[in-house]
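Presented below is the structure to which this report refers.
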Amino acid sequence: MLSELKIENVAIIESAELHFSRGFNILTGETGAGKSIILDSINAVLGERTSREILRTGTDRAEVTAVFTDCGAQVEQILSEFEIDCDGEVILRRRITADGKNSCRVNGCPVSVSMLKTLGAALVNIHGQHDSQALFQPEKHVAYIDALAGNGELLAAYKDAYKALQSAKKELASLETDESEKARRLDMLNYQIEELRAADIRIGERDELQNKITLYRNSETVLRALHTAYTAICGDDEMNGGANLFSDAAESLAEASDFFESMRPIAEFLESAALDAREYAAEIREAQESLDMDPRELDAAEERLDVLYRLSKKYGDSEEEMLQFLEKIETEAERITTSDERAQQLRTQIAYLQTEAQHAAQKLTESRRKAGELFAENVCRELEFLNMPSVRFLVRHETVPLSAGGADKIEFLISANAGEPPRPIVKIASGGELSRIMLAIKNVLSACDAVDTLIFDEIDTGVSGLAAEKIGLKLAEVAESHQVICVTHLSQIAVMADTHLLISKSVRDGQTFTAIRTLDFEGRKSEIARIGSGSNITALQLENAGEMLKNAQERKHKK
């Protein structure tokens, strides 16, 4: 559940801390006091889209921190996937700066906004006007039925089957192109294959050729250096080489070692060095001879490098990419050549996959039909309690061709008055009716909702009197199994709360400040009286507010 919320520099809120309890939490306050800002802050820390416009005037950053306790297995699984430790508490923090940058953290670990949103969806469900708008969109109604039916596995199985079917159909369609187009494509592929095969590309060849060309172009310099090195070792007509000098020195020291034993190791070393030097000289001679280059070899290397360069402009920058391209087009050519055979295989496969997808869709349809009947029955029961006894709520189910979501078209219909035929909600329901219909739906779905915290915004729109009292009782009922946080303007709803938070604002030094405090019984009396009667509160109004609070608590305890 959401236990703490800290807000800094968001709109007119400079700094505020809210402490929520398990059960039913109410937020009240005068219009413009900051109730919507608190919900905007919660949305922000849950990863929803926001902007630097929420920053308090004159500040360079805004920050929202939310502390959740007693989180369920779904949240722990997400944290595990994010490799974030959880010790029974989850702390979300989001900072927004004046340059529009976001800094998000979960339990101190940096995360992206999308990661924060994924986790936020498992922690809190916010039900506001957008939920009511969802009732106007029939394509979204099936999600309510799937949620009640617990169709996750059935829907996943169907989607796998449908995806396999569509993949096979797509491949078949690509094979069944115009024969002349296939012939043109095959001609092009064969030309490319022949060109690449004829080139006999070898990985690393371009580097070798480049090195060879560079060496040949600098062969005079290299030969001059090799000749100098060889002469220094072996000598010539004018000078004695180092190897001969070493040999002469070794001979002299060997003669001396007969009488001066310590010279023997040096003699042996010099003789070995002379032998090594002559071996290196032989290698230098071979290198000199190898550079006795035929100019035609340089021309051939340059021509080969040019061929590889031209091919790389068409088929890939490197030898690896060109060979990968060759493998790709060989596969495509083979596929076109054997397309008739493959097409027949695909037709057989599609027939099988079509049966599998229809079978999976049928299971999904049966589950949705049963769930739809139960859903309509339970929603009608909830609506009757919410002072809408004449409203008939139906789930219309039609079978349609297979699509990504199954073979079902589901739409919610209502008949607002006795004798009227059921019609789509968008054509019937008023704002107040929509609020109660949505509350009824949410209460029906609450048993299968794994998210612990439910936030209701503007659930009391367009209602009053007995209907408002029923909404309060229903929210209190939902709060028996979930944490409920609700913004309300109605005393009939506010009196049902377990925790009542008052949002107020004041002006100091030309700036607006928002304050939030948890009300005790006396504070609640004053606020309930204000909600019901305005700012001029009388003793009788306070007494009536106290009676409303006591009666509400008694009704809750009797359940």
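The values are calculated or read from the model by the stated rules, or taken from the named source; none is laboratory data. The structure displayed is predicted, hence computed values, not measured ones. Cβ: placed from backbone, ideal geometry, glycine included. Neighbour counts: every protein chain shown. Heavy atoms of the whole protein, side chains included, go into the accessibility calculation; ligands, DNA and RNA do not. Shrake-Rupley method; radii C 1.70, N 1.55, O 1.52, S 1.80 Å.
Amide H contacts of residue 11 (H built 1.01 Å from N, in plane; Pro and chain starts excluded): 55, 56 sit under 5 Å, all sequence-distant by 5 or more or on other chains.
Accessible area per residue for the chain, computed on protein heavy atoms with a 1.4 Å probe, is 54 Å². Overall, the chain carries a charge dipole of about 5540 debye about its Cα centre when +1 sits on the Cβ of Lys and Arg and -1 on the Cβ of Asp and Glu, all other atoms neutral.
Split the accessible area of region 379-532 by element, probe 1.4 Å, and carbon with sulfur accounts for 48%. The long axis of helix 219-234 is offset from the longest Cα principal axis of the chain by roughly 60 degrees. Judged by the mean number of other Cβ atoms found within 10 Å, the most tightly packed of the peptides 525-535, 162-172 leads the ranking 525-535, 162-172. In order along region 88-99, the Karplus-derived 3J(HN,Hα) couplings, from 6.51 cos²θ - 1.76 cosθ + 1.60 at θ = phi - 60°, round to x, 9, 10, 10, 9, 9, 9, 10, 10, 9, 5, 8 Hz, and Gly and Pro are given as x.
Protein heavy-atom surface of region 332-374, 1.4 angstrom probe: 49% of the accessible area is carbon and sulfur, with nucleic acids and ligands not counted.
With Cα atoms defining each centre, region 1-58 and region 316-339 are spaced 58 Å apart in the structure. For the pair region 461-516 and region 252-290, the centres of their Cα atoms are 102 angstrom apart. Rolling a 1.4 Å probe over the protein chains gives residue 246 an accessible area of about 90 Å².
Accessible area of region 1-160 with a 1.4 Å probe: how many percent of it is carbon plus sulfur? If you can, show how the numbers build up before the last one.
On the way: 3490 of 7580 Å².
Roughly 46 percent of what the probe reaches on region 1-160 is carbon or sulfur.
Projecting the Cα atoms of 417, 354, 394 onto the charge dipole of region 345-430, computed from C-beta unit charges around the Cα centre, puts 354 farthest toward the positive end.
Multiply the residue gap between residue 290 and residue 317 by 0.36 nm, knock off their C-alpha separation, and tell me the result in nm, one decimal place. Write down the numbers at each step before the final one.
Numbers: separation 27, 0.36 × 27 = 9.72 nm, distance 3.18 nm.
Gain on stretching residue 290 to residue 317: 6.5 nm.
Based on alpha carbons, the Rg and Dmax found for region 115-218 are 28.8, 81 Å.
Listed values for region 342-349 are Karplus-derived 3J(HN,Hα) couplings in whole Hz (6.51 cos²θ - 1.76 cosθ + 1.60, θ = phi - 60°), namely 5, 4, 5, 4, 5, 4, 5, 5, and x replaces Gly and Pro.
Extension gain for residue 19-residue 254 works out to 74.7 nm (0.36 nm per residue, less the C-alpha to C-alpha distance).
Distances between placed amide hydrogens fall under 5 Å for residue 127 paired with 455, 456, 457, all partners being 5 or more residues away or on another chain. Relative to the longest principal axis of the Cα atoms of the chain, the long axis of helix 152-175 makes an angle of roughly 50 degrees.
Only four residue types carry charge here, +1 at the Cβ of Lys and Arg and -1 at the Cβ of Asp and Glu. Report the dipole size of region 406-551 about the Cα centre in Debye, rounded to the nearest 20.
Numbers: 14 positive and 19 negative charges, 63 e Å.
Computed charge dipole of region 406-551: roughly 300 debye.
Quickly estimate the mean residue ellipticity at 222 nm for the chain, helices only: each DSSP H run with n ≥ 4 gives -39500 (n - 2.57), and the total goes over all residues, rounded to 500. Using -39500 (n - 2.57) per qualifying helix, the result is -19000 deg cm²/dmol.
One quarter of the surface of the convex hull around the alpha-carbon atoms of region 280-355 equals 10.2 nm², the direction-averaged projected area. Here the extension length gained between residue 504 and residue 328 equals 56.5 nm, from 0.36 nm per residue of separation less the Cα-Cα distance. Residue by residue, region 320-326 carries 3J(HN,Hα) couplings of 4, 5, 5, 5, 5, 5, 4 Hz when phi is fed to the Karplus relation 6.51 cos²θ - 1.76 cosθ + 1.60 (θ = phi - 60°); x denotes Gly or Pro. Distances between placed amide hydrogens fall under 5 Å for residue 423 paired with 414, 415, all partners being 5 or more residues away or on another chain.
Please state, as a whole number in µm²/s, the translational diffusion coefficient that the Stokes-Einstein equation yields for region 1-123 at 20 °C and 1.002 mPa s, with Rh defined as the Kirkwood radius across alpha carbon pairs. Write down the numbers at each step before the final one.
Details: Rh = 14.8 Å.
Stokes-Einstein gives a translational diffusion coefficient of 145 µm²/s.
Relative to the longest principal axis of the Cα atoms of the chain, helix 264-290 runs at roughly 80 degrees. Between residue 450 and residue 335, the modelled labels are 3.7 nm apart [label points 7 Å from Cα along Cα→Cβ]. Against the empirical curve 2.2 N^0.38 Å, the C-alpha radius of gyration of region 358-423 lands at a ratio of 1.29. Here residue 328 is the anchor, and the lysines within straight C-alpha reach of less than 18 Å, apart from those fewer than 8 places off in the same chain, are 182, 313, 314.
Shown are 263, 548, 322, whose ranking by accessible area with a 1.4 Å probe and every protein chain present, most to least, is 548, 263, 322. Each eigenvalue of the Cα gyration tensor of region 264-307, multiplied by 5 and square-rooted, gives one semi-axis; in descending order these are 42, 9, 4 Å.
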